[in-house]
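Working notes, beginning with the structure itself.
The values are calculated or read from the model by the stated rules, or taken from the named source; none is laboratory data. Quick caveat: nothing in here was measured; it's all calculated off a predicted structure. As a convention, Cβ positions derive from the backbone with ideal geometry for all residues, glycine included, and neighbour counts pool all protein chains shown.
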């Protein structure tokens, strides 16, 4: 007779749970792990800056304190990796990237995972994937929720390597290709809500992208529609409202600009427009027919990323 197959051991159930309840709890936990965070950086003072660095700023570095350890949060690292620690002889600096090749749909959790990893990583180690696995702590337990980012912009990726470091020829070629892809970008330094960036992608038009921090996306679009109906949704002569995109729970209005005009010169116009946006955002008045038309137009052209 063939030997008997060993009996399958019953899975140990959590105390006080039936098998069905345990299955339902496991499925709920799995759904929670893979559910998309509607506002992944919500509650952080640096939310708008993190979104800008993740979505459209090409080359920039911002240092933060993670449990007392300096860490550089950057746009992108070589090979679109998630994190790295420089060799000890090159300074041992820690880097975590926001624009990565391997990620989940929960960037806030991914960032917490990478920040937590880089704290314990040894010099010379790299992290390829930033996908959170559930072991990471809450993001606001790693960084001060009230702190702001001080961003240093770069027009290339020379900061990938420590000063004086020897760069192999094949890496130097990849670095050259990456540098060629960098679009001229600069943060508009003005004391206003959100994160405001000027970028020149070529083709005869520059843009201002304004990551707004308001809680309600629909309320923000309505405010923009009211201002557009008055013909005031612009940043002065030669500018035009191009539309808005939604990302990570916020709205990012975009304007077309003359690339020959200096980015800093828009500070006053942005300040004036911000006053109008805040006033209309707080309004609960019914939309007029023209305002509804403008809102439909804005919504029809919006993009979600």
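Listing for the model above:
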{"item": "Residue within region 86-94 that is part of a loop (DSSP other than H, G, I, E, B), closer than 22 Å to residue 58 by Cβ, more than 19 Å from the chain's Cα centre (by Cα) and touching a residue at least 24 places away in the same chain (Cβ under 8 Å) present", "result": "yes"}
{"item": "Single residue of region 285-302 satisfying the filter (in a helix (DSSP H, G or I) and out of contact with any helix residue (DSSP H, G or I) (no Cβ under 7 Å at 6 or more places or on another chain)) that is modelled with the lowest pLDDT", "result": "301"}
{"item": "Checking residue 73 against (1) touching a residue at least 60 places away in the same chain (Cβ under 8 Å); (2) surrounded by fewer than 23 Cβ atoms within 10 Å (Cβ to Cβ); (3) in a strand (DSSP E or B); (4) under 18 Å from the mean Cα position of the chain (by Cα), the condition it does not meet", "result": "(2)"}
